[in-house]
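Contents: one structure, followed by commentary.
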Amino acid sequence: EITGIGAQVEQKDGFLMIVSPLPGSPAINAGLLPGDVILEAGGVVLKDLAIDDQISHVRGPKGTTAKLKILRNGNQFEVSVIRDSIKTLEIQTSVQNGVGIVRLLQFGATAENEFRNKITELLTQNPHGIILDLRNNPGGYLEAAGTVTSAFVPQGTPFVQIASQNKTEIDKTTLQQIVPSSIPVMVLINKGSASASEIVAGAIQDAVRGRVLGEQSFGKGTVQQIWTFDDGSSLKMTIAEWKTPSGRKIDGVGIAPDVPVPAEAGRDAQLIRALELLR
């Protein structure tokens, strides 16, 4: 639980970019979107500040207003966001029209430790299809991505390539498959699906285990390591790159859906289309 506007961010070329606004957050309510760049917060220009400093200007006590200048598609505009306490449930499950829906909001410890149990519980309702909803999921632990993928594919299936300067390694799932191959799978992604979300979507595509539906994902496929020094300064260095098991590039490209379905205002067109296809 944090207090702020409720958005996952990353620093890109010195700018603070929104990767995913969290569901039900002030950022969502204010209309902020994946890919929006926060140029200013409270009149302070954020470019080239340390990322911790950039974030500190955006965050603040509950009930206060963050006045932001946003860059979107070459246009600048201002928006006021009322900060609030943000608490995110990592996993949400439901059944609609005989289809099991698993919404995964991030790849944290909960996803790694509880995802397979949630899937097992869902299977007791005998769904004739599974929808894995990774929209606006900014990613998280690589280990959690492997755990999620393992539920759908045979044990020992490659789920990611890790390419560093001197070598390329292929990580494989280490846990037994839970969802029978006879149950079709649909993965939902959008522009806010990043990092571990893209690893899972790409792995299921490469394994021909299910179809990916929605919009092109964010394109975050690099691995960073941070060194902190005694004087308080730090160095963040990119040390590797994630690719799909077949070697498809993720960083700066994203995962292309097998079934492109754009988002629509006022209705969840992507979920509706996925339910139609599985029906």
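Quick notes on this one:
- Modelled FRET efficiency - R0 51 Å, Ser182 with Val45, Cβ distances, 0.05 increments: 0.35
- Each Lys and Arg contributes +1 and each Asp and Glu -1, all at the Cβ; summed about the Cα centre of region 126-244, the dipole is approximately 340 debye.
- Around the Cα centre of the chain, unit charges on the Cβ atoms of Lys, Arg, Asp and Glu (plus for the first two, minus for the last two) sum to a dipole of about 580 debye.
- Residues Thr124, Thr64, sorted by accessible area with the largest first, give Thr124, Thr64 [1.4 Å probe; ligands and nucleic acids excluded].
- Taking amide H as placed 1.01 Å from N in the peptide plane, the amide H of Phe159 sits under 5 Å from that of Asp171, Lys172, Thr173, each at least 5 places away or on another chain.
- Set of aspartates and glutamates near Lys249 by C-alpha distance (under 15 Å), chain-local residues within fewer than 8 positions excluded: Glu169, Glu198, Asp206, Glu241
- Computed from backbone phi, the HN-Hα couplings of region 171-178 come to 8, 10, 5, 10, 10, 6, 5, 9 Hz, rounded to whole numbers (Karplus: 6.51 cos²θ - 1.76 cosθ + 1.60, θ = phi - 60°; Gly and Pro given as x).
- Given R0 = 35 Å, the distance between the Cβ atoms of Ile162 and Arg72 translates into a calculated FRET efficiency of 0.60.
- As a ratio to 2.2 N^0.38 Å, the alpha-carbon radius of gyration for region 178-242 is 1.57.
- Label-point gap, in nm, between Arg279 and Leu175 - each point 7 angstrom along Cα→Cβ: 3.2 nm
- Taking every DSSP bridge with both residues inside region 110-206, close to 55 percent are antiparallel.
- Cα principal axis extents for region 4-53, largest first, Å: 29, 20, 16
- Whole-number Å³ per residue for the convex hull built on Cα positions in region 162-279: 152 Å³
- Farthest toward the positive end of the dipole of region 59-109, out of Gln92, Gln106, Phe77, is the Cα of Phe77, where the dipole comes from beta carbon charges about the Cα centre.
- Max mean-square fluctuation residue, GNM over the chain, Cα-Cα springs under 10 Å, options Ser80, Ser150, Ser195: Ser80
- Karplus 3J(HN,Hα) series, Hz, for region 233-249 with 6.51 cos²θ - 1.76 cosθ + 1.60 (x for Gly, Pro): 7, 8, 10, 10, 10, 6, 10, 6, 9, 8, 9, 5, x, 7, x, 5, 6
- Working note: Cα atoms of region 53-143, range along each principal axis, descending, whole Å: 48, 27, 27.
- In the elastic network of the chain, a GNM with C-alpha springs shorter than 10 Å, the most mobile of Ala27, Ala111, Ala163 is Ala163.
- The chain - mean residue ellipticity at 222 nm from DSSP helices (-39,500 (n - 2.57) per run, n ≥ 4, rounded to 500): -6000 deg cm²/dmol
- Each of Gln161, Ile131, Gln176 was scored by the projection of its Cα onto the charge dipole of region 99-180, and the greatest displacement toward the positive side belongs to Ile131; charges sit on the C-beta of Lys, Arg, Asp and Glu.
- In the chain, the DSSP beta bridges split such that about 75 percent are antiparallel, to the nearest 5.
- In a DSSP loop and with at most 12 other Cβ atoms within 10 Å, the trypsin sites (Lys or Arg not before Pro) in region 1-90 are Lys62, Lys87.
- Straight-distance candidates among the aspartates and glutamates for linking to Lys236, with alpha-carbon spacing under 19 Å and chain neighbours fewer than 8 residues away dropped: Glu10, Asp13, Asp48, Asp52, Asp53, Asp251.
- Computed from the C-beta positions of Lys87 and Thr64, the FRET efficiency with R₀ = 25 Å rounds to 0.85.
- Taking label positions 7 Å along the Cα-Cβ direction at both Asn117 and Asp258, the computed distance is 3.1 nm, reported to one decimal.
The values are calculated or read from the model by the stated rules, or taken from the named source; none is laboratory data. None of the values given here were measured: they were computed from a predicted structure. Backbone-built Cβ (ideal geometry, glycine too); neighbour counts: all protein chains shown. Calculation scope for accessible area: heavy atoms of the full protein, side chains included, ligands and nucleic acids excluded. Shrake-Rupley method; radii C 1.70, N 1.55, O 1.52, S 1.80 Å.
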